[in-house]
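The values are calculated or read from the model by the stated rules, or taken from the named source; none is laboratory data. Computed from a prediction, not measured in an experiment: that's the story for all the values here. As a convention, Cβ positions derive from the backbone with ideal geometry for all residues, glycine included, and neighbour counts pool all protein chains shown. Note: accessible area is taken over every heavy atom of the protein model, side chains too, but ligands, DNA and RNA are not part of it. Shrake-Rupley method; radii C 1.70, N 1.55, O 1.52, S 1.80 Å.
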Amino acid sequence: QIVQELAVANATELVNKVTDNCFEKCLMSPYSEANEQCVDQCLAKYMRSWNVVSRAYIARIQQASTSGEI
Amino acid sequence: QIVQELAVANATELVNKVTDNCFEKCLMSPYSEANEQCVDQCLAKYMRSWNVVSRAYIARIQQASTSGEI
Amino acid sequence: QIVQELAVANATELVNKVTDNCFEKCLMSPYSEANEQCVDQCLAKYMRSWNVVSRAYIARIQQASTSGEI
Amino acid sequence: KEIATFLEAENSKQKVQLSIHQFTNTCFKQCVTSVSNAELSSQEEQCLNNCVNRFLDTNIRIVKSLQSIQ
Amino acid sequence: KEIATFLEAENSKQKVQLSIHQFTNTCFKQCVTSVSNAELSSQEEQCLNNCVNRFLDTNIRIVKSLQSIQ
Amino acid sequence: KEIATFLEAENSKQKVQLSIHQFTNTCFKQCVTSVSNAELSSQEEQCLNNCVNRFLDTNIRIVKSLQSIQ
């Protein structure tokens with residue numbers, strides 16, 4: 001049950017951060033127009049970025065762990 | 001007692017966000033001068049904005065709830 | 001044990017805020033170069049700022065407490 | 001069981017309140033540029049309304065896209 | 001009862017610490033523009049002092065206004 | 001004892017996840033300026049990689065400096 005709660009927390013965090021970033025990149029004050037295509041591309045790009053960041057961070061942790069740094 | 005704690009949490013959140021926003025809009029580095037008139041107007045405008053946002057959000061929730069979206 | 005947990009929480013908060021601020025001031029996209037000298041100076045300046053802010057805030061609390069404001 | 005229902009209702013109300021605080025903070029920054037008087041202009045009020053609705057559109061679209069990926 | 005007093009005192013100290021972290025973060029961003037050396041200039045130090053005091057002025061004025069509305 | 005080990009492992013995994021969310025948020029803002037298509041350019045991907053690594057360099061340097069001061 002804890003694992004499930006953490007998964008929900010992670011999904012919520014992801015949705016909140018993508019919404020903030022893609023709202024910022026795709027919608028401009030006075031916000032009179034929606035821009036769904038931009039939001040879709042932004043989401044795709046955010047997920048790809050998440051993968052790149054994730055790989056880079058885990059590589060760094062493993063490297064530090066192998067060299068006995070942590 | 002829980003209701004009261006939530007009310008306090010809400011009031012604290014409101015005070016913090018108004019202070020941040022009105023400090024940002026009314027006071028400029030090097031911060032040598034106070035600007036009480038600006039802070040008063042900013043607070044009034046923030047409370048009006050809170051009401052507009054609140055109505056818009058609740059209208060949207062009710063609409064989604066009526067159409068069975070949520 | 002509570003005191004120790006609070007000390008850890010404080011140290012973590014300090015490290016996070018210094019890292020954010022000094023990353024922002026010292027490193028520029030595309031982030032291809034490190035800038036250790038800048039980070040060291042930034043950290044020193046942040047700690048000095050922490051001391052100035054701390055003194056100013058505590059002086060204000062004591063003043064308010066003496067004048068019976070709080 | 002009544003207590004559980006009561007707590008759940010309070011919890012939902014609290015989430016709505018927190019969303020209103022967050023939206024007001026985000027949309028006030030973008031839509032209210034001048035605080036030289038205490039009234040909202042009709043453009044500012046329209047912008048706040050649009051801001052909430054476009055933010056929710058963005059949020060809903062992202063949630064649906066992420067659900068369809070799974 | 002002594003434990004309660006101890007915990008309350010720790011809680012107040014912790015709140016003061018968190019405020020100092022928050023003020024340092026906000027005021028460092030505005031007052032310290034260059035980190036080309038490790039010393040604070042007298043202008044920067046004055047700006048940090050003013051920043052804390054003006055932020056507290058703003059906060060107190062907003063709290064008092066909100067209390068008088070109720 | 002197995003439960004404690006399990007909870008600790010989940011806790012570490014959760015911290016890694018939260019760091020990845022935070023890094024993606026920070027680095028996406030800086031490295032991804034256009035969302036006019038859904039693919040990451042090689043420059044953007046390189047920037048994201050560098051961003052994570054420079055952020056960690058900064059973080060590690062600050063932690064070590066603060067430890068050496070104590």
- Message: Condition (residue is more than 9 Å from chain C (Cβ to nearest Cβ), of a type in the set (Lys, Arg), over 9 Å from the mean Cα position of the chain (by Cα) and under 24 Å from C:Cys42 (Cβ atoms)) applied to segment F:20-36: is it met by at least one residue?
- Response: yes
- Condition broken by F:Leu66, with the remaining ones in (1) touching an Asp or Glu at 6+ places or on another chain (Cβ under 8 Å); (2) at the interface with chain C (Cβ under 8 Å from one of its Cβ atoms); (3) of a type in the set (A, V, I, L, M, F, W, C); (4) open to solvent by 20 Å² or more (accessible area, probe 1.4 Å) satisfied: (1)
- Only one residue in A:Asn16, A:Asn35 is among the polar types (S, T, N, Q), at the interface with another protein chain (Cβ under 9 Å from one of its Cβ atoms), within 27 Å of F:Ser36 (Cα to Cα) and more than 10 Å from the chain's Cα centre (by Cα), so which one is that? A:Asn35
- Write out, first by first residue and then by second, each pair whose Cβ atoms fall under 7 Å of each other, whose residues are 6+ apart or on separate chains, and whose first residue, in segment D:12-32, is over 17 Å from A:Asp20 (Cα atoms) while the second is at pLDDT below 95. D:Gln14/B:Leu6; D:Gln17/B:Asn10
- Hey, does segment F:8-17 have a residue that's assigned to a helix (DSSP H, G or I), more than 8 Å from every other protein chain (Cβ to nearest Cβ) and among the acidic types (Asp, Glu)? yes
- Tally of residues being open to solvent by 70 Å² or more (accessible area, probe 1.4 Å) and among the polar types (S, T, N, Q) across segment E:1-36: 6
- Message: Can you go through A:Ala59, A:Ala11, A:Ala44, A:Ala64 and tell me which one is free of Cβ contacts under 8 Å to residues at least 12 places away in the same chain, in contact with an Asp or Glu (Cβ under 9 Å, 6 or more places away or on another chain) and over 20 Å from D:Phe23 (Cβ atoms)?
- Response: A:Ala44
- Residue list for segment C:1-15, filter: farther than 12 Å from F:Asn59 by Cβ, open to solvent by less than 80 Å² (accessible area, probe 1.4 Å) and polar (S, T, N, Q): C:Asn10
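Would it be correct to say that A:Leu6 is at the interface with chain D (Cβ under 10 Å from one of its Cβ atoms) and without any contact (Cβ under 8 Å) to a residue 60 or more places away in the chain?
On the way: at the interface with chain D (Cβ under 10 Å from one of its Cβ atoms): no; without any contact (Cβ under 8 Å) to a residue 60 or more places away in the chain: yes.
When the stated conditions are applied, A:Leu6 does not pass them.
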- Task: For segment F:31-70, enumerate the residues that are farther than 16 Å from C:Ser29 by Cβ and in contact with a Leu (Cβ under 7 Å, 6 or more places away or on another chain).
- Result: F:Ile62, F:Ser65
- Message: Going by what's in this entry, would F:Arg54 be described as under 18 Å from C:Gln37 (Cβ atoms), surrounded by 13 or more Cβ atoms within 10 Å (Cβ to Cβ) and within 11 Å of the chain's Cα centre (by Cα)?
- Response: yes
- Query: Any idea which residue in segment C:16-37 is least open to solvent (accessible area, probe 1.4 Å), counting only those that are farther than 10 Å from F:Thr58 by Cα and part of a helix (DSSP H, G or I)?
  - Reply: C:Asn21
- Query: When you look at A:Asn10, is it farther than 20 Å from F:Ser36 by Cβ, under 18 Å from the mean Cα position of the chain (by Cα) and polar (S, T, N, Q), yes or no?
  - Reply: yes
- Select from segment B:48-70 the residues that are modelled with pLDDT of 95 or more, in contact with a helix residue (DSSP H, G or I) (Cβ under 8 Å, 6 or more places away or on another chain) and more than 7 Å from every other protein chain (Cβ to nearest Cβ) and list them in ascending order. B:Ile58
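Taking segment F:42-51, which residues are over 14 Å from the mean Cα position of the chain (by Cα) and surrounded by 13 or more Cβ atoms within 10 Å (Cβ to Cβ)?
Step one: filter segment F:42-51 for residues over 14 Å from the mean Cα position of the chain (by Cα), giving F:42-46.
Listed by number, the residues that qualify are F:Glu44, F:Glu45, F:Gln46.
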- Message: Return the residues of segment B:38-70 that are acidic (Asp, Glu) and loosely packed, with under 14 Cβ neighbours inside 10 Å; say none if nothing qualifies.
- Response: B:Glu69
